[in-house]
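Student: There's a structure below that I have some questions on.
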Amino acid sequence: MAARIQDDFENGGRMFVIEIRGDIYTSNVVTETLDEELHRFGGIDTLTYFRVNDTGAQRDLVERLGMDWDSRNMPWLLVLEDPPIEVREGDRAICFELGHLNERDEVREVTQAIISASNDPDFVNDLTWERRKQRFLDMLPALKESAGLVVSIVGVV
């Protein structure tokens with residue numbers, strides 16, 4: 001598995017998205033819509049999507065990124081530029097906190113923004129973390145304001 005992930009990355013994969021659902025799987029609009037959107041992520045060559053179902057593995061990744069566990073704001077989508085197996089303490093990720101979204105279309109706007117970014121060759125290679133975050137915020141302004149979508153950079157240099 002680890003070798004396949006690394007091969008994907010070296011052969012043009014530029015973005016890794018990790019879905020973290022938290023302690024309890026709840027059947028709400030966000031998780032249901034992510035389930036529906038999963039096939040769209042699978043069709044993108046430049047993006048690898050992981051659903052981390054093991055709570056221990058979720059907590060380990062969150063801890064290595066220096067994040068506070070907060071089930072109220074989950075599910076999260078973490079956008080990384082390296083495979084999750086290579087994340088070390090202090091690495092950076094962009095975190096989408098989806099727990100406050102109430103509509104399927106809101107969740108789909110987030111997934112579409114991530115897919116669009118993964119197809120942009122300059123997004124990971126040429127932009128700083130702050131610019132990447134700003135690009136996402138530019139793509140999702142209504143969600144940021146009206147739905148309380150939180151997009152943040154986690155981890156430290």
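Please treat every number below as a calculation from the coordinates, not as lab data. This is a predicted model, so every value here is computed, not measured. Cβ atoms come from the backbone with ideal geometry, glycine included; neighbour counts cover every protein chain shown.
Student: For SER152 paired with ARG108, estimate the spin-label separation in nm (one decimal), with each label point 7 Å from Cα along the Cα-to-Cβ line.
Tutor: It is 2.9 nm.
Student: I've got another one for you. Can you work out the Karplus-derived ³J(HN,Hα) for every residue in the range 79-96? Use 6.51 cos²θ - 1.76 cosθ + 1.60 with θ = phi - 60°, whole Hz, and x for glycine or proline.
Tutor: Each residue's phi maps through the Karplus curve to give 9, 10, 9, 10, x, x, 5, 9, 5, 10, 3, x, 5, 10, 8, 9, 10, 9 Hz.
Student: Still on this model: Which three semi-axes in whole Å describe the equivalent ellipsoid of the range 50-129, each the square root of 5 times a Cα gyration tensor eigenvalue, listed largest first?
Tutor: 20, 19, 10
Student: Charges at C-beta only: +1 for Lys and Arg, -1 for Asp and Glu. How large is the resulting dipole of the range 2-154 about its Cα centre, in Debye rounded to 20?
Tutor: It works out to roughly 140 debye.
Student: So if I take the alpha carbon set of the chain, get Rg, then get Rh from the Kirkwood formula, what is the Rg over Rh ratio?
Tutor: 0.92
Student: Another question, if that's okay. Mind giving me the FRET efficiency for GLU36 and ASP70? R0 is 30 Å, r the Cβ-Cβ distance, nearest 0.05 is fine.
Tutor: 0.75
Student: List the residues whose amide H sits under 5 Å from the amide H of PHE50, counting only those 5 or more places along or on another chain, with H placed 1.01 Å from N in the peptide plane.
Tutor: Under 5 Å from the amide H of PHE50 lie the amide H atoms of VAL17, ILE18, GLU19, each far enough along the sequence or on another chain.
Student: Relative contact order for the range 2-154: what percent, with Cα pairs under 8 Å and sequence separation of 6 or more?
Tutor: 28 percent
Student: Grab the beta carbon distance between ASN119 and ASP23, set R0 = 41 Å, and tell me the FRET efficiency rounded to 0.05.
Tutor: 0.75
Student: Right, another one. What does the helix-only formula give at 222 nm for the chain: each DSSP H stretch with n ≥ 4 adding -39500 (n - 2.57), the total divided by the residues, and the result rounded to the nearest 500 deg cm²/dmol?
Tutor: That comes out to -12000 deg cm²/dmol.
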